[in-house]
Amino acid sequence: MSRSEHPIVFIVDDDAAVRDAVKNLLESVGMRVATFGSTADFLARTLVDDPSCLILDVRLPGVSGLEFQRQINASGLEIPIIFITGHGDIPITVEAMKAGAVDFLTKPFRDQELLDAIHRAVERDCRRREQAAEISELRERYEELTPREREVMALVTQGLLNKQIAAELGMSETTVKIHRGQVMRKMEADSLADLVRMADRLSTLYKGITHPS
Amino acid sequence: MQTAKTFNRRLGSGLYAYGIPIVTVASALLITESLKPTVFPTPLFFAAIVISTWYGGTGPGILAVILATLVLDFFFVSPVRGFTLRAADIPYMAQFILPALLSGWFTKKRKEAESELKETRDQLDMKVQQGTAQLRNTNEKLQSEIAERKRAEEAVQKTQADLAHLTRVMTMSELATSIAHEVNQPLAAIVMNGSAGMRWLAAEPPNVERACESMRRIISEGERASEVIKRIRNLSRKASPHRETLNLNEVIQDVLALISTQLAKSRVLLTCDLKPNLPDVVGDRVQLQQVVLNLVMNAIEAMVEVRDRSCDLLIRSGIDERGDVFAIIQDSGTGLDAEHVDRVFEAFFTTKVEGVGMGLSISRSIIEAHGGRLWAVPNAGPGATFQFALPAAEIT
């Protein structure tokens, strides 16, 4: 997490006293907090590009917390969720955790429990952002490759020798070497292994990356 | 022994009876003799005959007539002191004898009438006495029946209070989750504010203002929690039924306040349609709260599993055609089978997996003890409607 980023914690709970108490606690440890009384209010927030996490009460008027978790997952918004509840709700706990919640706390929880969960959640978000940034970077680099270079890259990362690649693509070995050099440069790969890792990472985005189409 | 006594009495009275004409005729004779010639002889003898017939009866009466005739003839009709009767004196004698007999006869009749009257009166007296004795008897029986009925009623009331208490305890365990929930909210706020307060004070420099604010919040949340506990404790107190004039809308609102947090956090959409200026009813506040709580909790639980439609809870109050005060609790939950509509009120009948089956049976007996009625109707759409009506309090 870069120093310039300041994580922000969102809390959605219809009980004002609980909302304010969480805000009080988090501010006393120097964290940024934004409180919302409903999921609708939360969705209407102004977006910030900082690591964040969401503290969500399981029972909210109209929408269940779990339901909202599903909605968030479906919408592609990737924000770590910490559930809090005033009930026991054991079955919901399992469901929530399976759907990717960071933690599930029962009121009244100790302050340290909440702070630890927030810490983990924010870490998770930072990592995700890093990864997203990396992939974005890789994508940009990959976009720079010419189609030929991409073909070469696909076969190189499969472990083929230059000779084999030349035969496969119908070009001279020299041409292959030139393309290969370009790929390594543009992709900023330190080694073949590095390139392979990059290809792997990109393979979720680009179908033909490891197998030429 | 009765016959001997009556015989003796009869004998005694017989002698006594026949003595009367002798005495009375003799007296008449003496008086007439001593007052002669100023007094007519016949009137006193008439008196003697009447007296003899009256007190002696028919026989003595006739004897009196005979004696009087003889005495008259002997002492007053010439020849004086002789029984011979001249032809000229026969009309005189006849004029005496005939009326004498007549007066004897009238007297007898009169006496008979009087004794009949007396007998009838005696019979009546006896009948009256019998009747009075019967009435007294019936009255005593009635009193003892009333006393027993009163004992039975007290026993029923005690059982009801016991059952109501039991239900309160059982509903308590059903309610345990929502009670814990109601109290956990303020507790969580208290813990977090306390922890925040400590950190504010530990800051460099200490932020006293925010620490104080944290304390204030702790106090207010503590009070909120104790309010909830107070309401719950009132509900579970085992008190004998305490009648008072109360407003059903207030009872409903009290119950909703009790479970406000749980209600807010559920997916239930509550619509409250309480008629303003609802007439008062007379009843036990805690018991009626119990009933409303039971019905509302049932409604909420019926909708817990509902996913494909909205969970609507409608609570309405008003006055029905009879002038009774009614309350309706309608949900859009799993509903009731037509065959269960009346069975749900049976003790130990439940369609819930972890149900006990006492809630509705107790609720019904509470409402009925208040002179009202409680019933259920499946909705045209999803869910069920429970309704109860109570007689309005009489305005004094």
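The values are calculated or read from the model by the stated rules, or taken from the named source; none is laboratory data. Nothing here was measured: the structure is a model prediction, and the numbers come from that model. Cβ atoms come from the backbone with ideal geometry, glycine included; neighbour counts cover every protein chain shown. When the accessible area is computed, the model is the full protein with side chains, heavy atoms only, and any ligands, DNA or RNA have been set aside. Shrake-Rupley method; radii C 1.70, N 1.55, O 1.52, S 1.80 Å.
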_Considering only chain A, percent of DSSP beta bridges that pair antiparallel, nearest 5_ = 5
*In debye, nearest 20: dipole of chain A around its Cα centre with unit charges on the Cβ of K, R (+) and D, E (-)?*
700
_Inter-chain shielding of B:260-271 (mean C-beta neighbours from other protein chains, 10 Å cut-off)_ = 4
*Compare the Cα positions of A:SER136, A:GLY62, A:THR85 along the charge dipole of region A:62-150 (+1 at Cβ of Lys, Arg; -1 at Cβ of Asp, Glu; about the Cα centre) and return the one farthest towards the positive end.*
A:GLY62
*asked:* Going through the cross-link list B:LYS118/B:LYS141; B:LYS230/B:LYS275; A:LYS23/B:LYS230; A:LYS23/A:LYS107; A:LYS23/B:LYS265, which pairs have a Cα-Cα distance over 24 Å in this structure?
replied: B:LYS118/B:LYS141; B:LYS230/B:LYS275; A:LYS23/B:LYS230
*So which aspartates and glutamates pass the test for B:LYS109, namely a Cα distance under 19 Å, with those fewer than 8 places away in the same chain ruled out?*
B:GLU119
*asked:* Can you show me the helix-derived [θ] at 222 nm for the protein assembly as shown, built from DSSP H runs with n ≥ 4 at -39,500 (n - 2.57) apiece and divided by the number of residues, rounded to the nearest 500.
replied: -21000 deg cm²/dmol
*Could you give the dipole magnitude of region A:141-180 about its Cα centre, charging the beta-carbon of Lys and Arg +1 and that of Asp and Glu -1, in debye to the nearest 20?*
120
*So which aspartates and glutamates can B:LYS108 reach, going by Cα to Cα under 14 Å and dropping same-chain residues fewer than 8 places off?*
B:GLU116
*A:ASP103: net charge of surrounding residues, Cβ under 9 Å, Lys/Arg +1, Asp/Glu -1, itself excluded?*
-1
_Quick check on my link table: of A:LYS163/A:LYS186; A:LYS98/A:LYS186; B:LYS127/B:LYS150, which ones sit more than 30 Å apart, alpha carbon to alpha carbon?_
A:LYS98/A:LYS186; B:LYS127/B:LYS150
*Calculated FRET value between A:SER203 and B:THR271, using beta carbons and R₀ = 51 Å, to 0.05*: 0.40
*Hey, what angle do you get for helix A:65-75 against the long axis of chain A, alpha-carbon based, 0 to 90 degrees rounded to 10?*
20
*What does the accessible area per residue of the protein assembly as shown come to in Å², with a 1.4 Å probe and no ligands, DNA or RNA counted?*
56
*Can you give the % of DSSP beta bridges in region B:257-328 that are antiparallel, to the nearest 5?*
35
*Given H placed 1.01 Å from N in the peptide plane, which residues other than close sequence neighbours of B:ILE319 have an amide H under 5 Å from its amide H?*
B:PHE326
*Length released on extending from B:ALA26 to B:HIS340, taking residue separation times 0.36 nm less the Cα-Cα span*: 102.6 nm
_At q = 0.10, 0.11, 0.13 Å⁻¹, base-10 log of I(q)/I(0) for the protein assembly as shown (Debye sum, equal scatterers on each alpha carbon)_ = -1.01, -1.10, -1.29
_Farthest positive-ward along chain A dipole, Cα basis, beta-carbon charges - from A:LEU25, A:SER38, A:VAL94_ = A:VAL94
*Between B:MET215 and B:ILE66, what is the spin-label point distance in nm, taking each point 7 Å from the Cα along the Cα→C-beta axis?*
13.4
_Using DSSP to call loops (not H, G, I, E or B), can you name the chymotrypsin sites (Phe, Trp or Tyr not before Pro) in region B:49-125 whose Cβ has at most 10 other Cβ atoms within 10 angstrom?_
B:PHE83
*Heavy atoms only, probe 1.4 Å: what % of the accessible area of the protein assembly as shown goes to carbon and sulfur, would you let me know?*
57
_As a test question: what accessible area, to the nearest 10 Å², does B:THR245 have when a 1.4 Å probe is rolled over all protein chains in place?_
80
*Provide the percentage of antiparallel DSSP beta bridges, counting only those with both residues in region B:200-334; round to the nearest 5.*
60
_For the pair A and B, total buried accessible area rounded to nearest 100 Å², probe 1.4 Å_ = 2200
*Report the accessible area of A:PHE104, computed with a 1.4 Å probe over the heavy atoms of all protein chains in place, in Å² rounded to the nearest 10.*
20
*Taking the Cβ of A:SER28 as the center, what net charge do the other residues with Cβ under 14 Å away carry, scoring Lys and Arg +1 and Asp and Glu -1?*
-1
*Check: region B:218-305 dipole with +1 on Lys, Arg Cβ and -1 on Asp, Glu Cβ, in debye*: 240
